[in-house]
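Read through the structure below, which is laid out as structure tokens, and then see the notes.
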């Protein structure tokens, strides 16, 4: 997810970008962290000092990294797994639940989240993220991932309008 975002910003939006990642000893299913540093000028230090954006896909990530978020930073959480949100202004979208219900594949939750980032923040353009996703996903999954990206964009628009779905089926039936 961090690599795709960095490529979208660096290659397709033409900004300077540095991307780093770390994984816990559990690797698959365990805690992982990706940082993407973005600038209009050359980057002299590739690690994030204070975060403008934090996307937490689980409660532990939210708990561990929330204090690194700037006071005016944007917090986006996967409300499927993040139930204790430290900031009432956080954008809460059930990325994993949407992936399960609409696509029957949890693996696209991260692509749904990337779609939401494009609508909730100015960090990357929709055109750039779409190009990067389609260039990175395995051959034969382009339509699935494109649809997941568009679903994330639509979910973000709902959250911005404060229209929260009342039923699970409303997410699953979203026309994108």
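Just so you know, all these numbers are worked out from the coordinates, no wet-lab data involved. A quick note: this is a predicted structure, and the numbers were derived from the prediction, not measured.
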Study note, to complete from the structure: Ranked by GNM mean-square fluctuation in the chain (Cα springs under 10 Å), the top entry among 54, 31, 149 is 31
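Given 0.36 nm per residue, what is the gain on full extension from residue 50 to residue 87 after removing their alpha carbon distance, in nm? Walk me through the intermediate numbers first.
Working: separation 37, 0.36 × 37 = 13.32 nm, distance 1.64 nm.
Between residue 50 and residue 87, full extension yields an extra 11.7 nm.
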Review point. So what is the relative contact order for the chain, in percent, with contacts set as C-alpha pairs under 8 Å and at least six apart?
Key: 19
Point to revise | Spread of Cα-to-Cα distances over 10 Å intervals beginning at zero, given as percent, for the chain | key: 10, 39, 39, 12, 1
Point to revise | Semi-axis lengths (Å, descending) of the ellipsoid that matches the C-alpha gyration tensor of the range 1-98 | key: 23, 16, 13
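With n ≥ 4 as the cut-off for DSSP H runs, can you work out [θ] at 222 nm for the chain, using -39500 (n - 2.57) per run divided by the number of residues, rounded to the nearest 500? Mind showing how you got there, number by number?
Numbers: 7 runs with 64 residues, N = 176.
It lands at -10500 deg cm²/dmol.
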